[in-house]
Ligand code: FDA
């Protein structure tokens with residue numbers, strides 16, 4: 001097995017904004033991606049043309065909510081995965097810097113123990129923002145959840161909900177600026193319904209436009225529309241399990257980079273499937289996974 005440290009695409013130098021001195025990024029676009037009767041998820045584009053920053057796919061930026069906390073201190077930034085490739089939505093400027101950065105944000109609203117509605121500070125600030133409003137932005141940050149430099153590595157991307165954000169950036173970069181990918185590119189995406197599969201539905205199909213690429217395969221798991229033979233809801237790990245022969249061979253060969261992004265806890269379902277494959281062959285999955293983690297092939301970003 002190839003247990004060499006994988007070389008990643010290194011973030012280019014550029015201004016990095018600290019929480020103590022954020023960049024004021026004007027909102028260019030704020031568009032709802034989900035149907036009215038489901039969770040509110042937004043495609044938000046910010047103008048960073050005056051920031052001097054550069055980013056690469058897989059990094060995140062921070063958004064500082066307005067106002068101060070109960071101790072009178074400014075709020076801590078919340079992180080959001082960058083959903084655009086390194087040249088942003090409209091291409092790089094003459095210095096090869098993106099003029100925009102895109103986020104995919106879910107509005108956080110829940111009820112506390114007393115039944116009181118609580119609205120998340122940063123996500124509601126973002127989801128309510130209008131074009132022209134300035135948002136306090138920090139970053140970019142992140143040096144691990146990045147594409148491998150060698151494009152013969154197979155990519156296995158697994159997302160739920162807004163976890164699709166970095167993969168929109170990966171796929172746009174791979175088949176856009178980079179042009180192609182030598183290894184296989186597999187995207188497993190879990191959502192409740194077809195219309196909630198962000199960037200992969202009839203209204204908004206940024207990822208779907210690459211379905212015809214020879215190396216690309218996107219597999220959706222729609223938990224409210226599909227059931228297993230035994231009548232249970234279908235989740236991403238069920239779709240992964242159906243590709244055992246191909247995926248297990250890729251993983252055992254060790255020439256791959258796997259990414260999990262989205263809801264906290266989602267990695268457990270994936271882990272169970274792979275651990276089952278390993279133990280059926282008398283292999284120690286925990287040890288294998290540690291090796292993959294140590295050499296940068298196993299990447300998890302859940303929140
Ligand atoms: P705020 O911080 O004000 O409140 C959230 C709090 O409410 C949390 O303490 C949480 O535990 C609690 N809470 C939330 N739901 C609850 C419920 N149902 N019941 C009880 N308590 C609940 N988000 C996103 O939309 N898109 C993205 O791309 C990313 N990317 C990302 C990358 C990384 C690396 C991290 C660590 C996180 C993200 N996030 C994200 C999540 C994001 O940073 C942020 O946590 C959420 O938007 C919530 O922030 P607010 O300021 O809105 O909520």
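Tell me the residue from 167, 188, 145 that is closer than 15 Å to residue 58 by Cβ and buried (at least 22 other Cβ atoms within 10 Å of the Cβ), please.
167
Go through the residues of the range 170-180 one by one and say whether even a single one is in contact (Cβ under 8 Å) with a residue 60 or more places away in the chain, closer than 19 Å to residue 98 by Cα and either crowded, with 22+ Cβ neighbours inside 10 Å or within 11 Å of the ligand (Cβ to nearest atom) (or both).
Among the residues of the range 170-180, at least one is in contact (Cβ under 8 Å) with a residue 60 or more places away in the chain, closer than 19 Å to residue 98 by Cα and either crowded, with 22+ Cβ neighbours inside 10 Å or within 11 Å of the ligand (Cβ to nearest atom) (or both), which makes the answer yes.
If the requirement is being away from the ligand (no atom under 13 Å from the Cβ), touching a strand residue (DSSP E or B) at 6+ places or on another chain (Cβ under 8 Å) and part of a loop (DSSP other than H, G, I, E, B), which of these qualifies: 19, 66, 35, 26?
19
Output the number of the condition that residue 154 fails; it satisfies all remaining conditions of (1) over 27 Å from residue 4 (Cβ atoms); (2) in contact (Cβ under 8 Å) with a residue 24 or more places away in the chain; (3) in contact with a strand residue (DSSP E or B) (Cβ under 9 Å, 6 or more places away or on another chain).
(1)
Taking the condition of being within 9 Å of the ligand (Cβ to nearest atom), in contact with a helix residue (DSSP H, G or I) (Cβ under 8 Å, 6 or more places away or on another chain) and closer than 24 Å to residue 168 by Cα, how many residues in the range 81-132 meet it?
9
Scanning the range 203-221 for residues that are more than 23 Å from residue 233 (Cα to Cα) and touching a helix residue (DSSP H, G or I) at 6+ places or on another chain (Cβ under 9 Å), which turns out surrounded by the most Cβ atoms within 10 Å (Cβ to Cβ)?
Here the residue is 207.
Here is a list: 261, 257. Which entry is part of a strand (DSSP E or B), away from the ligand (no atom under 16 Å from the Cβ) and closer than 21 Å to residue 188 by Cα?
None of the others qualify; the one that does is 257.
Please specify each residue of the range 111-129 satisfying the condition of being surrounded by fewer than 19 Cβ atoms within 10 Å (Cβ to Cβ) and within 22 Å of residue 74 (Cβ to Cβ).
118, 119, 120, 121, 124, 128 - these are the residues of the range 111-129 that are surrounded by fewer than 19 Cβ atoms within 10 Å (Cβ to Cβ) and within 22 Å of residue 74 (Cβ to Cβ).
Readers should treat all values here as calculations from the given coordinates under stated rules, not as data from a laboratory. A quick note: this is a predicted structure, and the numbers were derived from the prediction, not measured. Here the Cβ is made from the backbone with ideal geometry for all residues, glycine too, and neighbour counts use every protein chain on show.
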